[in-house]
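Report on one structure; see the data block that follows.
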Amino acid sequence: MKKGIRIIGIVLAALLLLFFAACLIAPKFAGRYIEGHSREWIGRKIQIGSISFNPFRFTVRIENFDLFENDDTTKFVSFREFFVNVDPSCLLVGDICLSEVRMDSPFARVVKNGEHFNFSDILDRFAVSDSSADSSSSKLETLAEASETDSVQTQKSQGEKSPQEQSSSDAAGSALPLGISIRQIAVLSGNVIFEDGEVQSHLELKDFSVRVPEVYFSDKKTSAGLELSFASGGALKVFADYNMQQGNFGVRVKLSDFSMGAVQPYLKTALQFQDLSGKVGVDISATGNVKDVLSASVKGSVSVDDVVLTETSGKTLEVAHLGVGIGDVNLGKNRFVLDSLTLRRASAHFDLYKNSNNIQVFLTPKNSSGESGEQEFRDSVLAASVDSTAAKTLDTNSEKSPNDSLKNELSQTPSLQASLAKLSVSETKFTFNDNTIPGGFSYTVSGIALDASNIALDKQVSLLVHAALPHGGSVKVSAKMLPSDRTSLQANIDVKNVNMADFSKYSEHYTGYPLEAGSLGFASDNVIRHYEIDSRNNIDIYNLTVGDKPSDAKPEYTVPMKIALYILKDKDGKIAFDIPVKGNLQDPEFSYGKIVWQTLVNLLVKVALSPAKLIFGNSTPSDFAFDIAADDFTSEQYGIAQEWTKVLSLKPGSKLTVVQVYNPKKQQESFLRKMEKLEFYRAQTGKANLTPVERKAALEAKDDDAFKQFQETWKRPSDKELLEMLNRLAQQRNEKLQKILATQDGVSAQNLKVRLATAEERRSIGNKSVFRMSVQLP
């Protein structure tokens, strides 16, 4: 008996010894075998440092794995270590558990040249193997399908379920016959290089890591995370939760400081530019179910910062910040809700050339030609014709046409829900450069700001735009519109203090005369209803002065500019006229420009037929009257004041004093009268703030019965309140004039002073209200 037990023990010990010897020797043999047959299998050299199996811990470790390129020296794929740890206790309950899967320092280098990759030869080798295997097994599959069909028919005749039906019912109860779980999945210190020889790009992911705490192929939630850095700058983090059985998922993607230069080579295949820099930031999250991915809810933000696009000319387009706040985007529900759209410190320009412009150059790919574009157009037309013919054939051969299906799908599509809570554009600059005229023309509009809020398709939107023009000019545009109604619009435009000398290049090119001085103001009220426009426009130009026409000038048109201006100007050097515009914007005969030009011609004829209006003399006055109820100035008033600032440049050391002179007590009744007019107009129109055009209309309105009734009910301010209002308006006028004059050449805080008149200076003014200019010479 003892001898038998001893023999069994010896046998078991020998088997254990053989098992452990196999565990030690087999992995090494497997590694050598793979290295020896790698070229036979995939046509590439494989090198493995070591393979080991620990039977006590149930771990497998592969170290220093290298898969080479065809040259046998350049690494294609490699890793320092691959480690797997199996949890054998799970087998007792019928599950498969991997307690840890780890890959350390993986490396891959992918090279693309046209349609060919540096791994295409491996794919081609497997494709040949698969095709031969498919041809050899096709006969067996045919016989198996025939046998299965007979079996299904037999089962149906006997009232049994087919294998497919049985598997479907089984799947409804359980996704997998056994539980599978993988824990502690990690990829550490990874490095991936992608090179595209066609566009000369190099993209490198450095030191990236992937960590997945748990993956369950059951009704448990799987969580995963990914972190990586880009060699060109920036980092990417991805966090995900997924329930495999229920299909619910949640994903958050955070991209920070990603360099736009990384995608520059690809953009250059479609666009023409010199360089691109900037950073992209993304922080978005999505939640939904894989059964209906389009109905996932997406929230977060996207931004680009410090963008500099260098054109082929060397000029740049710049954006300091462009950000989009995403409230909720749901494609399935056709909902697009944005919290904000912000553009800050953008700088753009438009360069016009005789045959093109900088935008056209930017959008034209290199090595493109018109013929290829025309050929593509002809090919697309031919393809559309073939598709149309095929569609007609399908319609005649089917009971229900594709168009009917499309209509049904559209009828089931939810109505569009789009809104933007806040739109903001600030500190933006735009420059227009016209290189089609000799000497060129350049004009910059700066300080562009746009503000709007609560923008929605079915709600009226109010837009407000401000901008600054050179030499103290300004633009203000306010508009009201319903985004869903493109046929109607209400817009007010107010342009002040445009320096006409800035447009001298155009005047020289078209008329031969340079513009030496002049200021322009433009106010326009526009109402469009169902494409019918009703526009009221006021234009006033002051002190428009032209120089002598050069003897060698070759203008586009022969225009007697000096004679024309002599006729148009009044005795004070002012040109003022109103241009009403009415018509239908969809009428092909309607032209805004034609109406304006015809009005100018009629004005010339009218003035020419009234020679009594011609008054000689065009000296700059030493004062100008102003409206006691106004808080701003006309172009004429600005022009007179600016004309006096030229003395400061011509006579260094001189000082300019501008005094606002008015008698508050004597102006109370006049001021009260204008207040009544303005308040009556506000009450009639329901508007709190009036545009310059509306203000003018209110003050010039006749005193009808309705106005008289308003006077009886209107509560008159006290004398003290009137004086406070007058003093407040006077202070506002001084501040605005000081600000405008400070922008002129030669003006400084030391040589310019704008102030209110003293009591002594007001005694002899009477009922007048004027600004007086005086110069103190050194």
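Before moving on, here are some points about what is shown:
- The residues of the stretch 22-75 that are part of a loop (DSSP other than H, G, I, E, B), crowded, with 16+ Cβ neighbours inside 10 Å and out of contact with any Lys or Arg (no Cβ under 9 Å at 6 or more places or on another chain) amount to a single one, 44.
- Extreme residue, farthest from residue 255 (Cα to Cα), among residues of the stretch 272-322 that are of a type in the set (Lys, Arg) and in a strand (DSSP E or B): 299
- Residue within the stretch 654-669 that is without any contact (Cβ under 8 Å) to a residue 60 or more places away in the chain and touching a helix residue (DSSP H, G or I) at 6+ places or on another chain (Cβ under 6 Å) present: yes
- Taken over the stretch 638-668, the criterion of being aromatic (Phe, Trp, Tyr) and not in a loop (DSSP other than H, G, I, E, B) is satisfied by 638, 644.
- Residues located in the stretch 228-244, provided they are over 30 Å from residue 318 (Cβ atoms) and either assigned to a loop (DSSP other than H, G, I, E, B) or modelled with pLDDT under 75 (or both): 244
- Just one of the numbered conditions (1) surrounded by 19 or more Cβ atoms within 10 Å (Cβ to Cβ); (2) touching a Ser or Thr at 6+ places or on another chain (Cβ under 6 Å) is not true of residue 509: (2).
- Residues (of a type in the set (Gly, Ala, Ser) and under 16 Å from residue 338 (Cβ atoms)) located in the stretch 287-326: 297, 300, 301, 303, 323, 325
- Residues of the stretch 620-633 satisfying the condition of being surrounded by 15 or more Cβ atoms within 10 Å (Cβ to Cβ) and either closer than 15 Å to residue 738 by Cα or basic (Lys, Arg) (or both): 632, 633
- Check on residue 406, modelled with pLDDT of 50 or more and more than 29 Å from the chain's Cα centre (by Cα): yes
- Residues satisfying the stated conditions in the stretch 712-722, i.e. within 14 Å of residue 669 (Cα to Cα) and part of a helix (DSSP H, G or I): 719, 720, 721, 722
- Matching residues in the stretch 683-728 - criterion: being of a type in the set (Val, Ile, Thr) and free of Cβ contacts under 8 Å to residues at least 12 places away in the same chain: 685, 713
- Among the residues of the stretch 85-124, those that are surrounded by 12 or more Cβ atoms within 10 Å (Cβ to Cβ), outside any strand (DSSP E or B) and among the hydroxyl-bearing types (Ser, Thr, Tyr) comprise 105, 120.
- Checking the stated criteria, residue 263 turns out to be farther than 21 Å from residue 333 by Cα and hydrophobic (A, V, I, L, M, F, W, C).
- Scanning the stretch 531-580 for residues that are β-branched (Val, Ile, Thr) and at pLDDT 85 or above gives 533, 539, 541, 545, 546.
Let's see how each residue does on (1) surrounded by fewer than 16 Cβ atoms within 10 Å (Cβ to Cβ); (2) modelled with pLDDT of 85 or more; (3) touching a helix residue (DSSP H, G or I) at 6+ places or on another chain (Cβ under 7 Å):
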position: 193; (1), (2), (3): yes, yes, no
position: 198; (1), (2), (3): yes, no, no
position: 207; (1), (2), (3): yes, no, no
position: 215; (1), (2), (3): no, no, no
position: 246; (1), (2), (3): yes, no, no
position: 262; (1), (2), (3): no, no, no
position: 272; (1), (2), (3): no, yes, yes
position: 278; (1), (2), (3): no, yes, yes
position: 286; (1), (2), (3): no, yes, no
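- Test: residue 695 is in a helix (DSSP H, G or I), of a type outside the set (Asp, Glu) and surrounded by 17 or more Cβ atoms within 10 Å (Cβ to Cβ): yes
The values are calculated or read from the model by the stated rules, or taken from the named source; none is laboratory data. Everything numeric here is computed off the predicted structure, so don't read it as measured data. Here the Cβ is made from the backbone with ideal geometry for all residues, glycine too, and neighbour counts use every protein chain on show.
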